[in-house]
Each structure stands twice: as C-alpha cells, then as structure tokens.
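Have a look at the structure below, then the notes.
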Amino acid sequence: MRNHILTLLAFLALNFGGLWLGNIATGPGVVSEWYTALNQAPWTPQGWVFGLAWTIIGATFSIFMANEWANEENPIPKALFSEALLLNVFWNFVFFDQHTLAAGIIISVLTVIVFLMAHYTRITSGWGKMLWIMPYFIWLMIASSLNWYIIIMN
C-alpha cells in the first residue's frame, strides 16, 4: 500500500508538473488576442472549462498510471507514459506559439497513444481500471475536434 501511495504521488507530481510546463508554453492561452480572433468551433467551451478539465485529467490519469505501474501483464501504459506526457506539454507550445498544422498531428498522435493505453488496460485489467483514463481520452477527442476545426476553418 505504501508503494502504491508513493507511486501515485510521483505521478501526481509528473502530471501536474507537465500541466504547469504546458501552461507556461501556452502563455495567455485561450484569452490571447490570437486565440480569441480565430474562427472557433461552435462547441468550444468557455475558457474556465479547460482548466477544470485538465485538473480532473491530471488527477484521474495519475490514479490510472499508479494502478497500471505495478501491472506486469500490461506494459503499454508504462511504455507510452513519457511519450504522452511530452506530447501533451509540447502541443501547448506548437498550438499557442507556433500556430502550425503540427499541433493537429501532435494531438491526434496523443489521442491514439491514450486510446492504446486504455484499450490494453481494458483487455488485461478490465473496465474498472480502464475507466480512470477515460476523462483524458474523452477530453482529447473534444480537444482534437476543436484543434482540427481551427486548422481547417482559419
């Protein structure tokens, strides 16, 4: 039990550290002049929703990873965690600073990685443990649609 709690704390630090770095790379983000001037999808949520969503994702993804870290039957989450974290942080810079098509590619690859983590966890550990990553996957589906709408419509 002690090891599980320490593992959870480590993933909380890593995930919220990644969110912090992503926030730095975002700059003014959704309130920036560039972002607010874009032709955005009609289903774009209010700015505060992004912060709430990522707080929930940071917590639930940490629980997911702490659960899967000791799972010897499913190496996929361990193998893909660092890629997911790096892509998540890097997307902020590419989207909000560089304004390039690469942001759509990055978020699409990240979505596939998170899907694979969920899929293989469901196969090896069942739906219960897989559900902890679903807020992340669902949010990435929404964020991908918003990202691609901006790329296509601007």
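At-a-glance table
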quantity: For residue 71: the one exception among (1) over 23 Å from residue 149 (Cα atoms); (2) part of a helix (DSSP H, G or I); (3) at pLDDT below 95; calculated: (2)
quantity: Residues that are surrounded by fewer than 13 Cβ atoms within 10 Å (Cβ to Cβ) and at pLDDT below 90, drawn from segment 1-23; calculated: 1, 2
quantity: Residue that is touching a helix residue (DSSP H, G or I) at 6+ places or on another chain (Cβ under 6 Å), surrounded by fewer than 20 Cβ atoms within 10 Å (Cβ to Cβ) and within 21 Å of residue 20 (Cβ to Cβ), where the choices are 106, 76, 56; calculated: 56
quantity: Selected residue (only one of 52, 85 is within 23 Å of residue 112 (Cβ to Cβ), assigned to a helix (DSSP H, G or I) and not basic (Lys, Arg)); calculated: 85
quantity: Qualifying residue in segment 12-20 (condition: farther than 18 Å from residue 77 by Cβ, among the small types (Gly, Ala, Ser), in contact with a helix residue (DSSP H, G or I) (Cβ under 6 Å, 6 or more places away or on another chain) and outside any loop (DSSP other than H, G, I, E, B)); calculated: no
quantity: Scan of segment 113-154 for residues that are without any contact (Cβ under 8 Å) to a residue 24 or more places away in the chain, among the aromatic types (Phe, Trp, Tyr) and touching a helix residue (DSSP H, G or I) at 6+ places or on another chain (Cβ under 8 Å), ordered by number; calculated: 115
quantity: Test result for residue 98, among the polar types (S, T, N, Q) and at pLDDT 95 or above; calculated: no
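The values are calculated or read from the model by the stated rules, or taken from the named source; none is laboratory data. Remember, it's a predicted structure, so these values are computed and weren't measured experimentally. Here Cβ is always computed from backbone atoms with ideal geometry, including for glycine, and neighbour counts include all displayed protein chains.
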